[in-house]
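Worksheet for the structure shown next.
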Amino acid sequence: MILFENVTFGYGPKPVLQDASLSIGSDERVAILGGSGEGKTTILRLMLGLIRPDSGRISIEGDDITGKDEDDLREIRRKFSIVFQEGALFDSLNVKENVAFCLREFTDMSEGEIDAKVRELLKVVGVAHAIDLMPDELSGGMHRRVAIARSLAAFEPKMFLYDEATTGLDPINADRICQLINELCKAGTGLIIVTHKVVDAFKVAKRFLFLQNGRIIFDGDMPGLLQSENPHIGEFLNEFRFKVD
Amino acid sequence: MDSPALEENLDAVKFDLKKTIDELQEFYFLSANGLLGAIRRPFYYHDFIDQMDYAGAGSLLIVCLVSLFIGMALSLQLAAELSVMGLKMYTGKVVGISIIREIGPVAAALVYAGRVGAGMASELGLMVLGHQVDSLRVFGVDPVKKLVTPRILSSIIMLPALTLVGDAIALLGAYYIAVFVSHQSGYVYWTSIRYELTFENVFSGAFKPLVFGFIISAISCYMGLSTRGGAVGLRHSTTTAVVLSIVMIIVADFVLTRILLYVLGFSV
């Protein structure tokens, strides 16, 4: 579904992502790991056409998105459901209005239907009681859950994208979010999660990409990652090994 | 300087030049698309009304306060100077022309840039940093139509309205000083003001804020949407939005004054 061919991107003269090539199927469960500023989120933004690569080619379902304009990209983006870092809820709208946002924008549903749909989605993610709260009144975990509900309301996604979905959450809330992510992918929909929390990545993904200095230095499964002799990966996995011990 | 260092410097200059040209191009596209959003569907009425309320009703008190004191100060200065020459009765006339044509529009625009422009830049900047603008794009909503168009439209409507109210308050302030401090005739003051309320003067005073409103909102939206780099980036974009708006208001005021004087048939 997603194909990167020798993609390079930088926000200034220094590249954030260098010569990256990868292919991800629509039913795969992939975790993109790496430290802060290594280009993990950049990969997600490139996939959605939110930024354009400096060189290389990106295709979604065989469709080259590199030169597409915003109007054409809208159709491509509807294939994905994304939860941004810290939720990215609209802070001037309450929870109900956030989840109802796309329903109001793109459907002819009546107020009653929208209300019912919002309540149903909030129930699925376990925050039905927060329907009237404003984003700044939500805890970190609730924030992510509402963001997930909002992304589900948008369209029927072919793939879920999560940007640091569990970062900043306590272990219990992080585990709940991982469970929710797994439940939503039961129907065979793929997912890509960007995270630096190895433990959470192992809970939801089957394939792992590891980024260092903007380059993909590992692409494989969990046993392969655990056995990697790369010292940087080894250091990164210390947290997981400590938890296993 | 050795050749590799020179080459490196040249590359840096080229990079900066290209970046500046790109930014100018982006600014013009954003401004044009923001304005054209008014005639393209969908139109976000609620956002438009919200912005009118924030920019207009929210700025009314401060514009009135600033205008009142500007009017009083101007009247004091003119009365003092004109009385030396025995021309005190012209205070109303000079105050009227100054406020309606020049000081009123500029003062209201400067207050607007400080309050509304800074607000727009920081709000949009925070939305960028919090990925809210990215969310809009992913959901298929055009951020220019949703965020920029309502702000530009509300500004080009509300700033002229605020200016007219501000002018009236400034003239009242000037009246108070002329009559109760400088002991002039209130009848003479208002007659000379009424004499200056010609189409040319009123048009000149109402057209300028329309352009200023567009300049302030376009610059502030652009700076807000190009925010990068966390809190420091937000500080930079908000400060730049206000400073650039103020400079452009002053420059545009001169250019508009020159054009309007010519178009409206005033001889210089």
Cα gyration tensor shape for chain A, rounded if a/c is under 1.5, else prolate or oblate
oblate
Could you tell me how many degrees, from 0 to 90 and to the nearest 10, lie between the Cα long axis of helix B:118-129 and the main elongation axis, the longest principal axis, of the Cα atoms of chain B?
10
Greater than 30 Å apart at Cα, pairs in A:K68/A:K197; A:K123/A:K158; B:K14/B:K146; B:K93/B:K208; A:K68/A:K123:
A:K68/A:K197; B:K14/B:K146; A:K68/A:K123
Give me log10 I(q)/I(0) at q = 0.19, 0.20, 0.25 Å⁻¹ for region B:72-169, Debye formula, one equal scatterer per alpha-carbon, no solvent.
-0.92, -0.97, -1.20
Which one, B:T238, B:L171, B:S204, projects farthest toward the positive side of the charge dipole computed for chain B from Cβ point charges (K/R +1, D/E -1)?
B:L171
Compare the peptides A:130-142, B:174-186, B:252-264 by average per-residue count of other Cβ atoms within 10 angstrom and give them in order, highest first.
B:174-186, A:130-142, B:252-264
Where does region B:158-268 land on Rg/Rh, using Cα atoms and the Kirkwood Rh?
1.13
Measuring from its Cα centre, chain A shows a charge dipole (+1 at each Lys and Arg Cβ, -1 at each Asp and Glu Cβ) which, in debye to the nearest 20, is 440
Residue by residue through A:69-77, how many Cβ atoms from other chains fall within 10 Å of the Cβ on average?
2
Could you give the longest part of chain A that holds none of the trypsin sites (Lys or Arg not before Pro) found in DSSP loops with at most 15 neighbouring Cβ atoms within 10 Å?
A:1-185
Under the Karplus relation 6.51 cos²θ - 1.76 cosθ + 1.60, θ = phi - 60°, what is the ordered set of whole-Hz ³J(HN,Hα) values for region A:2-9, x standing for Gly and Pro?
10, 10, 10, 10, 6, 7, 10, 8
Top of B:V13, B:V84, B:V128 by mean-square fluctuation, Gaussian network on chain B, Cα under 10 Å
B:V13
Got the relative contact order for chain A handy, in percent, Cα pairs under 8 Å and 6 or more residues apart?
26
Taking 0.36 nm per residue of sequence separation and subtracting the Cα-Cα distance, how much length would be gained by fully extending the chain between B:A5 and B:Y90, in nm to one decimal?
24.0 nm
Any idea what % of Cα-Cα pairs in chain B are farther than 26 Å?
50
Peptides B:27-37, B:64-74 ordered by average Cβ neighbours within 10 Å, highest first
B:64-74, B:27-37
Whole-angstrom gap from region B:53-87 to region A:22-39, using each part's C-alpha centre
62
On a straight-distance basis, which lysines could pair with B:K19 in a cross-link, Cα separation under 18 angstrom, same-chain partners fewer than 8 positions away excluded?
A:K14
In order through region B:94-108: 3J(HN,Hα) via Karplus (6.51 cos²θ - 1.76 cosθ + 1.60), integer Hz, x for Gly, Pro:
5, 4, x, 4, 4, 6, 5, 7, 10, 6, x, x, 5, 4, 4
Work out how far the C-alpha atoms of region A:109-213 reach from end to end along every principal axis, then list the three figures in whole Å, largest first.
48, 30, 24
Residue (of A:L237, B:L225, A:F9) at the positive-pole extreme of the protein assembly as shown, dipole from beta-carbon charges:
B:L225
Two-site label geometry, B:V255 and A:N6: point separation in nm, points 7 Å out along Cα→Cβ
4.5
Just counting partner chain Cβ atoms within 10 Å, what average do the residues of peptide B:138-146 show around their Cβ?
6
How big, on average over all directions, is the shadow cast by the Cα convex hull of the protein assembly as shown, in nm²?
32.8
Under the definition of Cα pairs under 8 Å and six or more residues apart, what whole-number percent is the relative contact order of chain B?
30
Against the longest alpha carbon principal axis of chain A, how many degrees, from 0 to 90 and to the nearest 10, is the axis of helix A:95-106 turned?
90
Looking only at other chains, what is the average number of their beta-carbon atoms within 10 angstrom of each beta-carbon in A:78-87?
3
Dipole magnitude (debye, nearest 20) for region B:142-268, charges at Cβ of Lys, Arg, Asp, Glu
460
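Bear in mind that the values in this text are calculations on the coordinates, not laboratory data. Since this is a predicted model, take the numbers as computed values, not measurements. For neighbour counting, all protein chains shown are included, and Cβ atoms are generated from backbone atoms with ideal geometry for every residue, glycine included.
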